[in-house]
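The values are calculated or read from the model by the stated rules, or taken from the named source; none is laboratory data. Worth saying up front: this structure is predicted, and the values here are computed from it rather than measured. Neighbour counts run over all protein chains shown; Cβ positions are idealised from the backbone, glycine included.
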Amino acid sequence: MAGKFRRYHHLSVMQQLMWTQLVLLNLRDSFLVLMGFIQSLVMLILWRPDVVFTKGGYVCLPVGLAAKILGIPLVIHDSDAHPGLTNRILARWASAIATGAPLEYYSYPKSISRYIGIPISSDFHPFSESERAQARQQWGIDPDSKLIVITGGGLGAKRINDTVAEVLDDLLKLGTVVLIAGAAQYDELRSLTPVNDEHFQLHAFVSSGMAELLGAADVVLTRAGATTVLELAALEKPTILIPNAKLTGGHQLKNAAVYTDARAVKILDEDAMVENPTLLVDSVQEVLSNPDESKAMAKRFLKFARPNAASDMADMIISAVK
């Protein structure tokens, strides 16, 4: 049992305090945090683990606090470049802290912190030309066309989907388009877009073969979720990020800033895109029409890949026990 402290980056503190339902939910969840803490104490006393590892979601707070009370070593990992509230609280008692982005983007104590990246599948690696050709064949995509992959994450992204639908004809002039739209809007988009063929594909979700699809792409447009970004870095893929500015703490904006600072990706402002949908087409065209710069950008992106992240994380957890 755990409670979530809801807050929204695009609303002021006063707006959130005036939102009655939000205030009531946060008050209720404060009680749930207390209940979760008691449950965690009981479970950890019964299990008596040698170490507790948490990833920073709100469900981790009661467990991390219980570990502190019981003197159990605590190791935390922060995927986003913006530390979440739970990790900011637990960091003061952590034995070790792992980060998904370079340490300069965090205020954690450097003596116990280590930049390891995010553990991802080994399927995500720079694709050779033969691997790209095989992946295109697997997905039924025209081998001679530029491939534009657009995804809003597992749940989709309505504003991106709507923009793509509006400018799809122009995008198809640049190459093949694969849109992963999310289940919620799939039926609506299916009625607005062409049937799937070698030049356009619409999918609600991709459960397998995502590494191959992204590896085959010439450019990828996506949100700035931490794991997706590092999967694309490991693929050495020219990438356009469209961060969701409304998420808690603006963490996608801060994730994106890590890679724009290094000139490793391009950024498309979502509000500007909705106001002027042709900006999406222009961004794609810029990447596709400047292959040398796009390749250099992707090489800078690859420097953020951490293929040993899983083993490094395991080493930190084991060392905390010792």
Of the residues 177, 219, 164, which single one is closer than 30 Å to residue 304 by Cα and either under 18 Å from the mean Cα position of the chain (by Cα) or not assigned by TED's automatic domain parsing to the domain that holds residue 147 (or both)? 219
Only listed residue being assigned to a loop (DSSP other than H, G, I, E, B) and within 29 Å of residue 94 (Cβ to Cβ), chosen from 234, 305: 305
Mind checking which residues of segment 53-71 are surrounded by fewer than 19 Cβ atoms within 10 Å (Cβ to Cβ), over 21 Å from the mean Cα position of the chain (by Cα) and not aliphatic (A, V, I, L, M)? 68, 71
Report, by residue number, each residue of segment 215-266 that is crowded, with 21+ Cβ neighbours inside 10 Å and of a type in the set (Val, Ile, Thr). 219, 220, 222, 228, 229, 239, 242, 258, 265
Here are some residues: 288, 221. Which one is assigned to a helix (DSSP H, G or I) and not aromatic (Phe, Trp, Tyr)? 288
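Residue-wise test of (1) closer than 24 Å to residue 169 by Cβ; (2) part of a loop (DSSP other than H, G, I, E, B); (3) among the charged types (D, E, K, R).
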residue: 273; (1), (2), (3): yes, no, no
residue: 281; (1), (2), (3): yes, no, no
residue: 294; (1), (2), (3): yes, no, no
residue: 301; (1), (2), (3): no, no, no
residue: 312; (1), (2), (3): no, no, yes
Do we have residue 156 as more than 16 Å from residue 229 (Cβ to Cβ) and not in a helix (DSSP H, G or I) here? yes
Which residue out of 111, 122 is within 26 Å of residue 295 (Cα to Cα), hydroxyl-bearing (Ser, Thr, Tyr) and either in the same structural domain as residue 77 (by TED's automatic domain parsing) or in a loop (DSSP other than H, G, I, E, B) (or both)? 122
Would you say residue 145 is modelled with pLDDT under 95 and either of a type in the set (Ser, Thr, Tyr) or not in a helix (DSSP H, G or I) (or both)? no
Given 125, 77, which one is surrounded by 21 or more Cβ atoms within 10 Å (Cβ to Cβ) and either at pLDDT 95 or above or farther than 24 Å from residue 213 by Cα (or both)? 77
Just to be sure I understand, how many residues within segment 19-71 are of a type in the set (Asp, Glu) and at pLDDT 85 or above? 1
Segment 26-51 residues that are under 24 Å from residue 320 (Cβ atoms) and assigned to a loop (DSSP other than H, G, I, E, B), paired with ones that are modelled with pLDDT of 70 or more and of a type outside the set (A, V, I, L, M) (beta carbon under 7 Å, 6 or more apart): 51/73
Residues in segment 207-215: is at least one touching a residue at least 60 places away in the same chain (Cβ under 8 Å), touching a Ser or Thr at 6+ places or on another chain (Cβ under 9 Å) and over 26 Å from residue 300 (Cβ atoms)? no
